[in-house]
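Student: Structure provided below as structure tokens; questions to follow.
A short reminder: the numbers here are calculations on the coordinates, not readings from a lab. Fair warning: this is a prediction, and the values are worked out from it, not measured in the lab. Because the Cβ atoms are built from the backbone with ideal geometry, glycine has one as well, and the counts that use them run over all protein chains shown.
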Amino acid sequence: MALPNINPTTTKSWKKLQAHFEAVKDVHMKDLFAEDKTRANKFTIKWDDFYVDFSKNRITEETLKYLLELADDVKLKDAIKSQFSGEIINETEGRAVLHTALRAPKDADFKVDGVNVMPEIYQVKQKIEGFTNEVVSGQRKGYTGKAFTDVVNIGIGGSDLGPAMVVDSLQYYKNHLTTHFVSNVDGDHVNEVIKKLDPETTLFVIVSKTFTTQETLSNANTLKDWFLKSANSDAIAKHFVAVSTNIEKVQGFGIDANNIFPMWDWVGGRFSLWSAVGLTVSLAVGYDNFDSLLKGANKMDEHFKNEDFESNIPVVLALLTIWYNNFFEAESEAVIPYSQYLNQFATYLQQGIMESNGKSVDRNGNAIDYQTGTIIWGEPGTNSQHAFFQLIHQGTKLIPADFIGFTKSLHGNKDHQDKLMSNFLAQTEALLNGKTEAEVVAEGTNEAITPFKVFKGNKPTNTIFINKLSPESLGKLIAMYEHKIFVQGIIWNIFSYDQFGVELGKQLASKILQEFNGSVTNEHDSSTQNLLNYYNQSE
């Protein structure tokens, strides 16, 4: 076995945590702060341009001690070594998990089947750099000799969510190219994008490892058919490029062999934006900014790999999730970035976290009788304050939240930044302290209304302060959550890097599609059959 295989609930530390939970579950964080004036310093990690304050959590020093013991009991250190050394930790698919190699320096040594993959990675990076520079400078042109103005990324899942999120997050650094993302097989979606395009100046990037994904190929063919209304088939070679492993199918589509960017099976889709899957990112912000993104991620990799667990940001954040998920039975976590640039960040993390750790079978193949993956959701502040914060503040559910903020704005408007950050800091303080009945009464509130204005507080938050949103800091932030996913999977004794749960729906969709054209008839439950009949009759 490449990974340790330990049921966490059988460890001594888990049993200590259970007993400890009973003793502290009703303790109010306000009291913990009152008892220890140094609490904030004890539960803060300062690293590079990150300042992570996790003191507003329902933990004591004893809690952290037992959580760190749990990390040792499940042999987390050994697991980290296994991942970084290229062992086949994605055992169900027989693959190594080496997205970390994609952002490592050239002289690093990452072996797959005994062969160092770094030369191959840098060959692809060189190709991305050359292609990006040619497109951005206008040297590479379309079939009528015009420079490109638009780039359309065609992919789904990891081939869409990562690049789309990064391009959105780094809008400040964008060049003159306009980027579009087509993912959903919904024909209305692709046709809305087409309305904005000029075939003479549009570059299409098709991202599909196998070049067989239904949604991606449907959209790619629709866009190709539209393109061929204006151009002949020879022009496809100038306007379409692919990121794929299936050279034969890509060439069958009409794409020139020189316009194929390779992928590797040791990079999972939801961790692939660091590879040629990030080509659209490079085109949108320029290769140097794309490279800075990778360098930032590598810095977080080194921190994760080498830092002691008690001051290791991804490890500590993962342990806190275990504490709330498995002991407080909190089923979800909110991610609240106080930056509109990070509008798609929670959506991106949904795939990363929920597809990775949404498992109910352990690494032995046995059914699990404890909770695993958490539900991830969120929106940027301050918008979210006017939407779902009511539930976090006064609802019946315990929802731990990560607050992500930047000390400096990009456009330098201090008035706006001060207002944004005052909300950022006020919300975590309000979630901590709440408002007592006495405080409500002291405000002169009518007695009948008083109960409705009481806030219990004691709602846990992590505050992640970063100096400035840059390609490098974004790389660190994304990698931080990637490593957090890994740690959770190790502790829960699950395989985080397969996603068989996605496959069943795809298989059934293929069967139903055949029924639409009348070629086959399948047996269904009565509900599905009625719905099929209703759909067919409505045509």
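Student: Please report 99, 411 as a ranked list, fewest other C-beta atoms within 10 angstrom at the top and most at the bottom.
Tutor: The order, fewest Cβ neighbours first, is 411, 99.
Student: Within 10 Å of each candidate Cβ there may be at most 14 other Cβ atoms; applying that plus a DSSP loop requirement, which trypsin sites (Lys or Arg not before Pro) in the range 192-231 survive?
Tutor: 195, 196, 229
Student: Turning to a different aspect of this structure: If each residue of separation counts as 0.36 nm, what is the full-extension length gain between residue 407 and residue 446 once their alpha-carbon separation is subtracted?
Tutor: My answer for the length gained is 10.1 nm.
Student: Distance in nm between label sites at residue 510 and residue 31, each 7 Å beyond Cα in the beta-carbon direction?
Tutor: 5.9 nm
Student: Pop a pseudo-label 7 angstrom from the Cα along the beta-carbon direction at both residue 387 and residue 192 and give the gap in nm to one decimal.
Tutor: With each label placed 7 Å out from Cα toward Cβ, I get 1.6 nm.
Student: Using the number of other C-beta atoms within 10 angstrom as an exposure proxy, rank 459, 16 with the fewest first.
Tutor: On the way: 459 25, 16 18.
Ranking 459, 16 by Cβ neighbours within 10 Å, fewest first, gives 16, 459.
Student: Okay, moving on. Between residue 439 and residue 468, what FRET efficiency comes out of the Förster formula 1/(1 + (r/R0)^6) with R0 = 35 Å and r the beta carbon distance, rounded to 0.05?
Tutor: Calculated value: 0.45.
Student: Another one. Using a Cα-Cα cut-off of under 14 Å, which aspartates and glutamates could be cross-linked to residue 506, ignoring same-chain neighbours fewer than 8 residues away?
Tutor: Residue 506 reaches 215.
Student: Normalising by the residue count of the chain, find the relative contact order in percent from Cα pairs under 8 Å and 6+ residues apart.
Tutor: 18 percent
Student: What are the residues whose amide H is under 5 Å from the amide H of residue 401, where those residues sit 5 or more places off or on another chain and H is modelled from the backbone?
Tutor: 334, 461, 462
Student: Let me ask another. Ranked by Cβ crowding within 10 angstrom, fewest neighbours first, how are 293, 70 ordered?
Tutor: 70, 293
Student: Sticking with this structure for a sec: With the calculation restricted to Cα positions, what are the radius of gyration and Dmax of the range 355-410 in angstrom?
Tutor: 16.6, 50
Student: Sequence-distant or interchain residues sharing an amide H contact under 5 Å with residue 435, placed H: which?
Tutor: Long-range HN contacts for residue 435: 455, 456, 457.
Student: So who's got an amide H within less than 5 Å of the one on residue 95, skipping anything under 5 residues away but keeping other chains? H placed 1.01 Å off N, in plane.
Tutor: 90
Student: Right, next: Over the range 99-290, what is the percentage of antiparallel beta bridges among all DSSP beta bridges, to the nearest 5? Write down the numbers at each step before the final one.
Tutor: Details: 3 of 19 bridges.
In the range 99-290, DSSP labels about 15 percent of beta bridges as antiparallel.
Student: Here is a further query. Go ahead and run the numbers for FRET between residue 149 and residue 530, Cβ-Cβ distance against an R0 of 56 Å, rounding to 0.05. Numbers along the way, then the final one.
Tutor: Working: r = 48 Å, r/R0 = 0.86.
My answer for the efficiency is 0.70.
Student: Mind jotting down the distance between the C-alpha centroids of the range 376-390 and the range 432-490, whole Å?
Tutor: 11 Å
Student: Here are some pairs, 106/141; 141/224; 12/77; 46/476; which of them have Cα atoms lying more than 20 Å apart in this structure?
Tutor: Pairs exceeding 20 Å: 106/141.
Student: Could you work out the per residue convex hull volume over the alpha carbons of the chain, in cubic angstrom?
Tutor: With only Cα atoms used, the chain gives 195 Å³ per residue.
Student: Looking at the range 99-290 from every direction and averaging, what is the projected area of its Cα convex hull in nm²? Could you put the intermediate results ahead of the total?
Tutor: On the way: hull surface 41.2 nm².
For the range 99-290, averaging the hull's shadow over all directions gives 10.3 nm².
Student: Thinking of the range 89-145 as a set of Cα atoms, what percent of all their pairs are more than 14 Å apart? Mind showing how you got there, number by number?
Tutor: Values: 1050 of 1596 pairs.
Cα-Cα pairs in the range 89-145 separated by more than 14 Å: 66 percent.
Student: Turning to a different aspect of this structure: What are the ³J(HN,Hα) couplings of the range 522-534, residue after residue, when phi is run through the Karplus curve with 6.51, -1.76, 1.60 and θ = phi - 60°? Round to Hz, x for glycine and proline.
Tutor: Along the range 522-534, the couplings run 10, 8, 9, 5, 5, 5, 4, 5, 4, 5, 4, 4, 4 Hz.
Student: Moving on. Please state the charge dipole magnitude for the chain, taken about the Cα centre, from unit charges on C-beta atoms (+1 on K and R, -1 on D and E), reported in debye and rounded to the nearest 20.
Tutor: In debye, rounded to 20, the chain gives about 820.
Student: Please give the length that would be gained between residue 419 and residue 329 if that part of the chain were fully extended, namely 0.36 nm times their separation in residues minus their C-alpha to C-alpha distance (nm, one decimal).
Tutor: Values: separation 90, 0.36 × 90 = 32.40 nm, distance 3.45 nm.
Separation in residues times 0.36 nm, less the Cα-Cα distance, equals 28.9 nm.
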